[in-house]
Structures are given as structure tokens and as C-alpha cells.
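> Got a structure here, written out as C-alpha cells. Questions coming.
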Amino acid sequence: MKGQKSLKTDILIIGCGIAGASAALEAAKSGLKVIVITKSKKLEESNTYYAQGGIVSLGYDDNPELLKEDIIETGDGINDPEAVGILTNEGKEIVENILINELKIPFSKSSQDSLDYAQEAGHSRRRILHVKDLTGKTIEEKFIEALKTYSNVTLLSDHTAVDLLTVPHHSKNPTSFYKEPQCIGVYALDNKVKKVKIIFATYTILATGGCGAIFLYTSNPSQAIGDGYALAYRAGARIVNMEYIQFHPTSLFHKDADGFLISETVRGEGARLKRKDGWTFMENYNLKKEMAPRDEVTRAIYEEMTNSNSNYVYLDLASYANIDIKKRFPNIYRTCLKYGIDITKEPIPVVPAAHYCCGGVLVDIWGKSSLKGLCAVGEVACTGVHGANRLASTSLLEGLVWGTRASKYIASHFNPVATYKPSDIHELYYPEKEEEIDPALINQDWLSIRSTMWNYTGIIRTKKRLERARADLDYLSHRIEKFYKEAKMDAKVVGLKHGIQVALLINYAALSNPVNRGAHYIKD
């Protein structure tokens, strides 16, 4: 099967959440030619789209140092102070300039002239800007609307990144081995026609989001399988801190809810966690009770579920809230009501779910990775902001700040001279006889990955569990690699290859780190 005609651009951005979209917008304004690809059929489909809570700024009685203290305390002290300083000192201005003034995001107000700041777990002040409980959706739609107005931006949905294109690895020229390794684009599968095209780029920005969907229970959309981590790892970029997987304490427990998130702000507005017998329990685990950091709340829920042999606990907003619940949380109210739960009258059954990866592609303060020509922004990157655990509602701001910074750096250092000839680059290899894809194999492999990650490399880990996971994942990896090499080129097979690679990265990192810290908790 022959590939499609190649494309060439100044900046290629893989992913279109807030990090990728802000990078694209900044690059577009600088006049650079931009191609954005996303594997989803809809451009807006991303983790950003499902973010309910909000985006951190600075509240009325707030300052950068207070926010910095909260971030570092939640991150268990292993945050990069320089990166945290950039976020806390530059974040508010970028939010005002881009989100409020340029994109006109209609953030909720407490009065006609005053923005409404919410408070979430781990925060010492009310500082979270929100659009009711539809913040991410609103921001994402406004970004895409803005990007569509630029003639120098090409938006390609339904395109799956197969592998990053690197020199010398993909070069036919034997002298290329004397040059510094460099990312020069991507092999992208056009899912509509089932053909791979080469997209050459002077700079490539990974903005592929996280990997929650490699776990059995997740708040992430089903496509959040960690593509970017796998792409960067195979290309030779440095990956760090993958053991720090944050689990959100409260996703809706219902067989049809598909990991629907009950936002952190619900607890911020006074909701209490209860056992099935109606007793609260967070006071037994942390003085901050429901406002403790996510990892502590998650483990407390997990322990209560284990001790009572229960599949869920309750989150009671109705008995404690001093707000108009329907007005403050319209989406949560409507969704829960759809499943027969009236949150104005009864508690919500909740269960923890894989939510955020605090590690990723190691980048500097401008989003540059260890591989020349490759940047990473958003959840796929590890800027050092989060340390061992992420403070609530900082992810959207980090994506916005580093997406903007990465494109600013590229624009100010742009050098269009290529160090390779396109004719020297291999087309993607296809087997002579491509086997038909058996969906039963793919479904079972994914079930194995997700169950193994949840049970053995999940909220509470032990050395034995991690070692069992490593053996199971290693075996499965060999089977999937053989399957990938023989099967027809298809997004589902590519995704499976990415997913098993990311599962192994997380497991290896967890096994290599015996220290309990933040989101990485080993019981023994």
C-alpha cells in the first residue's frame, strides 16, 4: 500500500486541546505556516473539552507566592521552582490577554463587574475561573473558532500519528548518522482513506494529552491512551516521572456513565464524602478533610471501599451546599439526573478514576524536549510544574502558558533551512500481505492492559503487583508488536501499539522508584 503525497509546514502540532490550540494560535499570529492534526473526527475532542472545574488564575486576596506554595505542597516538594514561578507569575496575564480579551471567554461572575472565583482541593484561596461547569468545552470551542480564521493554519482531523519522523533513523543517507538526531515531522495515517502521509515540519509540537484511558476506570475520553509519550519515547526523547499518575477522587459510579467526572469544585462548594452508612470519613485521613490534595482523598476513598467491600462511596452536595446547585453545576445536574440521581436531593455515588499523568516528555521552560526539533506542551509534557502530584485546575493554565511560550520561542528562533532532503526519507514500511484486523483481539488486548494497570499499577501499589504487571505487559507487548507488523494499517492497531508502550513506561517507572511520594504510593 503506497502512502499519500507528503506535506510540508513550518510548525506541525499533534493534538488540539488547549495546549495545542494555544500553540497554533500564537504561531498563526506570528505568520508561520501551521498544520494541526488530531486523531479524532471532531477537532474539539480532547481532555480540555471535558474539563469541568476551571482554570487557575489569581483571586482577589491572592498573589503568585501563595499559589506557588500550594502547587509545591501538592507536588510533594519535587516541583521545578523555575517552572512553577513562570506559571504563577505569567499565568494571570496570559489568561487575561488570550482567554478574556482575545477569545472573549464568558467566565462566570459573582456580580455584574466581578469574576466568580471557585476554590478546589489543595488551594488556600478562591482563584479558579470557570464557565459554570463547562469551562473546557467553552475554551476549546472558542480556540477552534479563532484558528479557523487564519489562512496559514491547516486543521486536519481524523489523522493518527503513527511515528515521529527522525533523522538519522528514517533517512536513507548513510552520512546522516554524523549529524545530531532531529525530529522532522510525522508519519500520519489519514483514517478516512487508510493511507499514511509524511508531514515534514521544521518544528513539531506534541500536544497529545494524557493516558488515563489505559486504566480500567478513567475520567478521560476513550482516546486518551498516551500516544505522545509512546511517539516521543520511540523517537529518543527523554521521558520522566511516569509513575506519578493522578487519580481523580470522584467520577460518577454508574454502568452507563463512562467515567463522567464530578468536578473538584463540588467539594469546594461544601460537598462531603460519606460511606454507605451515611458517616463522613475524610476527617480520619487529613485535617483539610474534603479539601485535602487529590492523592490523599483518592487513597482514602479506595481504603474505605476496600474495608467495606463496596464499589463506591457517596458525595453529598445536597445536605451541605449554600448555592443554587442547578445554576452552579448545570452539566453535572443534568447528567446525573439522566442516570436517575437528583443531586439537589440525594448524594452521588462516586469512584476514583485515572485522571492525569504528572510525568511525560521532559521539556525546558520553552517547551523544548531533549530531541532537536521536538517540543511538547500540555499533559504530554513534563515541565516540572506538578512534581509528584498536580494541584487542581492547574493543567489548563500550564497548557495555555507553555503552548504560547513554545510557539513564541520557535517564531523568534525560526530557521527554515532543512538539514535533510525529503527524497532521503523512507516511506513507512508495509508488509507484503496485510492481514485483516480481528476486533476481538484488539478488544481483549485492551481489556488486559486496562485491568493490569488498574489492579497492579493503580492507586495503591506493591512490589509484587508491579512485578506481576511487568511480566504480563512484557508478554502482551511481544504479541502486539507481531500483530502490528502483520496487520493492515489501522488507527485501532496503532493505538494498541501506543497503549502497551505507555503501560510499560508507567510500570517500569513505578518499579524503579521505591519512594512513596505524591501520586506514587507503594504500600510495602
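> Please identify the pairs in which a residue from region 306-330 that is free of Cβ contacts under 8 Å to residues at least 40 places away in the same chain and within 15 Å of G270 (Cα to Cα) has its Cβ atom under 7 Å from the Cβ atom of a residue that is assigned to a loop (DSSP other than H, G, I, E, B) and basic (K, R), counting only partners at least 6 apart or on another chain.
Short answer, once both residue conditions are applied: A318/K345.
> Test each condition in (1) touching a Phe, Trp or Tyr at 6+ places or on another chain (Cβ under 6 Å); (2) in contact (Cβ under 8 Å) with a residue 60 or more places away in the chain for Y339 and report the one that comes out false.
In the conditions (1) touching a Phe, Trp or Tyr at 6+ places or on another chain (Cβ under 6 Å); (2) in contact (Cβ under 8 Å) with a residue 60 or more places away in the chain, Y339 misses (1) alone.
> Scan region 380-392 and give yes if some residue there is in the same structural domain as H413 (by TED's automatic domain parsing), charged (D, E, K, R), buried (at least 24 other Cβ atoms within 10 Å of the Cβ) and in a loop (DSSP other than H, G, I, E, B), otherwise no.
Scanning region 380-392 turns up at least one residue that is in the same structural domain as H413 (by TED's automatic domain parsing), charged (D, E, K, R), buried (at least 24 other Cβ atoms within 10 Å of the Cβ) and in a loop (DSSP other than H, G, I, E, B).
> Further, regarding this structure: Given the residues L32, L67, L12, which is the only one that is surrounded by fewer than 24 Cβ atoms within 10 Å (Cβ to Cβ) and not hydroxyl-bearing (S, T, Y)?
Just a single option satisfies the conditions, and that option is L32.
> In the set S407, S395, which member is buried (at least 24 other Cβ atoms within 10 Å of the Cβ), closer than 20 Å to T218 by Cα and either in contact with a Gly (Cβ under 9 Å, 6 or more places away or on another chain) or free of Cβ contacts under 8 Å to residues at least 12 places away in the same chain (or both)?
S395
> Only residues in region 347-362 that are free of Cβ contacts under 8 Å to residues at least 24 places away in the same chain count as the first member; pair them with residues that are outside any strand (DSSP E or B), Cβ under 8 angstrom, at least 6 apart or cross-chain, and list the lot.
The qualifying pairs do not exist here.
> For region 423-446, how many residues meet the condition of being surrounded by 11 or more Cβ atoms within 10 Å (Cβ to Cβ) and closer than 14 Å to G495 by Cβ?
Qualifying residue count for the region: 6.
> Any residue at all in region 33-52 that is modelled with pLDDT under 95, over 30 Å from K197 (Cβ atoms) and part of a loop (DSSP other than H, G, I, E, B)?
Scanning region 33-52 turns up at least one residue that is modelled with pLDDT under 95, over 30 Å from K197 (Cβ atoms) and part of a loop (DSSP other than H, G, I, E, B).
> Can you list the strands (runs of 3 or more DSSP E) lying wholly within region 131-218 that have 1 or more residues being among the aromatic types (F, W, Y)?
Once the strands (runs of 3 or more DSSP E) in region 131-218 are filtered for at least 1 residues that are among the aromatic types (F, W, Y), what remains is 182-190, 195-206.
> Further question on the same structure: Hey, among the residues in region 282-310 that are within 26 Å of the chain's Cα centre (by Cα) and hydroxyl-bearing (S, T, Y), which one's farthest from Y244 (Cα to Cα)?
Only one residue tops the list, namely Y302.
> Under the condition of being without any contact (Cβ under 8 Å) to a residue 24 or more places away in the chain and touching a strand residue (DSSP E or B) at 6+ places or on another chain (Cβ under 9 Å), which residue from region 75-114 is nearest to R390 (Cα to Cα)?
Top of the filtered list is I100.
> Mind telling me which of the residues G210, G228, G259, G268 ends up being outside the structural domain of T383 (by TED's automatic domain parsing), under 24 Å from N443 (Cα atoms) and either crowded, with 24+ Cβ neighbours inside 10 Å or not hydrophobic (A, V, I, L, M, F, W, C) (or both)?
G259 is the lone residue from the list that is outside the structural domain of T383 (by TED's automatic domain parsing), under 24 Å from N443 (Cα atoms) and either crowded, with 24+ Cβ neighbours inside 10 Å or not hydrophobic (A, V, I, L, M, F, W, C) (or both).
> Right, something else. Which residue, of I86, I71, I100, I78, is hydrophobic (A, V, I, L, M, F, W, C), out of contact with any Cys (no Cβ under 9 Å at 6 or more places or on another chain) and outside any helix (DSSP H, G or I)?
Sole residue among the options that is hydrophobic (A, V, I, L, M, F, W, C), out of contact with any Cys (no Cβ under 9 Å at 6 or more places or on another chain) and outside any helix (DSSP H, G or I): I78.
> Just checking, how many residues over region 262-294 are of a type in the set (F, W, Y) and either touching a residue at least 60 places away in the same chain (Cβ under 8 Å) or closer than 23 Å to Y217 by Cβ (or both)?
Total satisfying the criteria: 2.
> Picking from D295, D364, which residue would you name as being in a loop (DSSP other than H, G, I, E, B), among the acidic types (D, E) and closer than 30 Å to A232 by Cβ?
The conditions single out D364.
> Are any residues in region 425-476 among the aromatic types (F, W, Y) and over 26 Å from R299 (Cβ atoms), and if so, which ones?
The answer is Y429, Y430, W446, Y475.
> Inspect all residues belonging to region 221-242 and state whether any of them is among the polar types (S, T, N, Q) and assigned to a strand (DSSP E or B).
Looking for residues that are among the polar types (S, T, N, Q) and assigned to a strand (DSSP E or B), one finds none in region 221-242, hence no.
> Tell me which residues, restricted to region 100-132, are hydrophobic (A, V, I, L, M, F, W, C) and closer than 16 Å to E269 by Cα.
A118, A121, I128, L129, V131
> Can you name every residue in region 334-376 that is surrounded by 16 or more Cβ atoms within 10 Å (Cβ to Cβ) and basic (K, R)?
Selection gives K368, K372.
> Would you point out which residue out of G59, G91 is in a helix (DSSP H, G or I) and among the small types (G, A, S)?
G91
The values are calculated or read from the model by the stated rules, or taken from the named source; none is laboratory data. Predicted model, so just to flag it, every value in this text is computed and none were measured. Positions of Cβ are generated from backbone atoms using ideal geometry, with glycine treated the same way; all protein chains shown enter the neighbour counts.
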